[in-house]
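The values are calculated or read from the model by the stated rules, or taken from the named source; none is laboratory data. No experiment lies behind these values; they were computed from the predicted model shown. When we count neighbours, we look across all protein chains shown, and the Cβ atoms used for this are built from the backbone with ideal geometry, even at glycine. Heavy atoms of the whole protein, side chains included, go into the accessibility calculation; ligands, DNA and RNA do not. Shrake-Rupley method; radii C 1.70, N 1.55, O 1.52, S 1.80 Å.
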Amino acid sequence: MLTNPLTKNIGPQNHATDIVRYQDNGGYRGWRKALDMAPEDIVKLVQDGGLRGRGGAGFNTGLKWSFVPRGKNSPPVKYLVCNADEMEPGTFKDRLLMERDPHLLIEGMAISAYAIEARTAYIFIRGEYHVAAARLEQAIAEAREQGLLGSNILGSDYSLDIYLHRSAGNYICGEETALLNALEGRRAVPRAKPPFPQVSGLWGKPTVVNNVETFCNIPHLIEMGPDWYRSLGRGDDAGSKLFGVSGKVRNPGTWELPMGTPVREIIEHHAGGMQDGLQLKGFLPGGGSTDFLGPEHLDLPMDYDVIGRAGSRLGTGTIIVLDDHTCPVGLVLNLSQFFARESCGWCTPCRDGLPWIVKILQRIENGEGLPEDLDLLREQAQRMGPGNTFCALAPGAAEPLQSALKLFEQDFIDHIRKGCCPYQ
Ligand SMILES: Cc1cc2nc3c(=O)[nH]c(=O)nc-3n(C[C@H](O)[C@H](O)[C@H](O)COP(=O)(O)O)c2cc1C
Ligand code: SF4
């Protein structure tokens, strides 16, 4: 039974960047099958498969598609957008898929566009991803040549064009509504929701935005069916996922594993465990904007709701490991500097709060912290929490900070008491 649908074409030798190899390996079978199905049946199949969006929030993909108005009275123009911005700290999974198997993404997007009745689709790609952009452009051209994209695809009455758009930069461009503004050539600031993009998105038309990895799940889900897809997961969630590990482990990287794989197995088996002489002190389970969990959470399965109940988020599924020789204050300072630099400046708690947090963390790390700084940091983190800002950047930035203040409070106190960073 196929257990690695996302990476079956990816190996040291046999990666399928060209369409001949991709098709020899079964590529575009899902697309051919989809074209014989009714769009609403595809939406239902994807919903039944239980695929949850891999961009961070984990929303059911088929359910999201079902919000797009359809039928005679619906707007005739709809758009599909692939979010390939991938700027989350510690996250490097979408790049692998786009560089090593670009046709999988094109096939997944074609099926998805057909399902929501869109005839134009965009890939919004991080500006620095030059190799991925070149391979995707080649893949789009090859698919057009073979009649798999363009007008009257494979003799049907369905037509689809996919365009690649390189981002001019900034983490906020990955937030789906800021992304839509950027695509329209406007300043990349988030839009108010509702209306959600499925109803009013790109140029005011119904639009679905999904992550690269989400789309890459679609071809095999269509070909093999929802029961097969659900059976890939080891726990509550369906399918497989690219999990990653960075930090001071022996073998950092990214691997396709069943949803629900325990954190311990990912870190100790796939990432080879901690480097010699180091102990795991904590980890961010899903990229830089998630809450720290501790060694007591190592046996948790990587499922969205399980990690949520433990007080963090599965996010992008790319784990950042903190070891006992690395300063947690320094790590949080580093992340906060990133988020402060990337704030779009639209709302006050984020625009002004993040630089203030950086200033306080910097003085603590320099050994110049004050005892009252910890309460000040807690208060600031709370002010950036959900509901207080226009988008999720600021609440995400607050997550590593607020959890570090709980889990590693003694480290913060030691910095202030000793007047220096004890890790230096
Ligand atoms: C600041 C910020 C940055 C984001 N960056 C990305 C990104 O690079 N890629 C991505 O797929 N989603 C990103 N997201 C989430 C998107 O807004 C959106 O939820 C996602 O693209 C939906 O796709 P999915 O349903 O397939 O997960 C980001 C969200 C925020 C708040
Ligand atoms: S939270 Fe930050 S990034 Fe999001 S809209 Fe407000 S200022 Fe911009």
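Points worth noting:
- Contact map, region 297-315: first residue within 20 Å of Ala404 (Cβ to Cβ) and open to solvent by 20 Å² or more (accessible area, probe 1.4 Å), second residue among the β-branched types (Val, Ile, Thr) and assigned to a helix (DSSP H, G or I), Cβ cut-off under 7 Å, separation 6 or more or different chains; pairs are His297/Val263; Leu300/Val263; Leu300/Val306; Leu300/Ile307; Arg313/Ile307.
- Scanning region 347-364 for residues that are assigned to a helix (DSSP H, G or I), under 28 Å from the mean Cα position of the chain (by Cα) and away from ligand 1 (no atom under 16 Å from the Cβ) yields Thr348, Pro355, Trp356, Ile357, Val358, Leu361.
- Test set (1) of a type in the set (A, V, I, L, M, F, W, C); (2) open to solvent by 10 Å² or more (accessible area, probe 1.4 Å); (3) more than 27 Å from Pro386 (Cα to Cα); (4) assigned to a helix (DSSP H, G or I) - Leu278 fails condition number: (4)
- Of all the residues in region 281-296, those that are open to solvent by 30 Å² or more (accessible area, probe 1.4 Å), without any contact (Cβ under 8 Å) to a residue 60 or more places away in the chain and closer than 17 Å to His325 by Cα number 1.
- Residue within region 120-130 that is open to solvent by 10 Å² or more (accessible area, probe 1.4 Å), of a type in the set (Lys, Arg), in contact with a helix residue (DSSP H, G or I) (Cβ under 7 Å, 6 or more places away or on another chain) and outside any strand (DSSP E or B) present: no
- Filter result (basic (Lys, Arg) and closer than 20 Å to Glu176 by Cβ) within region 73-101: Lys78, Lys93, Arg95
- Check on Val189, part of a loop (DSSP other than H, G, I, E, B) and within 12 Å of ligand 2 (Cβ to nearest atom): yes
- Taking the numbered list (1) outside the structural domain of Thr254 (by TED's automatic domain parsing); (2) open to solvent by 30 Å² or more (accessible area, probe 1.4 Å); (3) modelled with pLDDT of 95 or more in turn, Asn388 passes all entries but (3).
- Scan of region 365-408 for residues that are hydrophobic (A, V, I, L, M, F, W, C), part of a loop (DSSP other than H, G, I, E, B) and within 16 Å of ligand 1 (Cβ to nearest atom), ordered by number: Met384, Phe390, Cys391, Ala392
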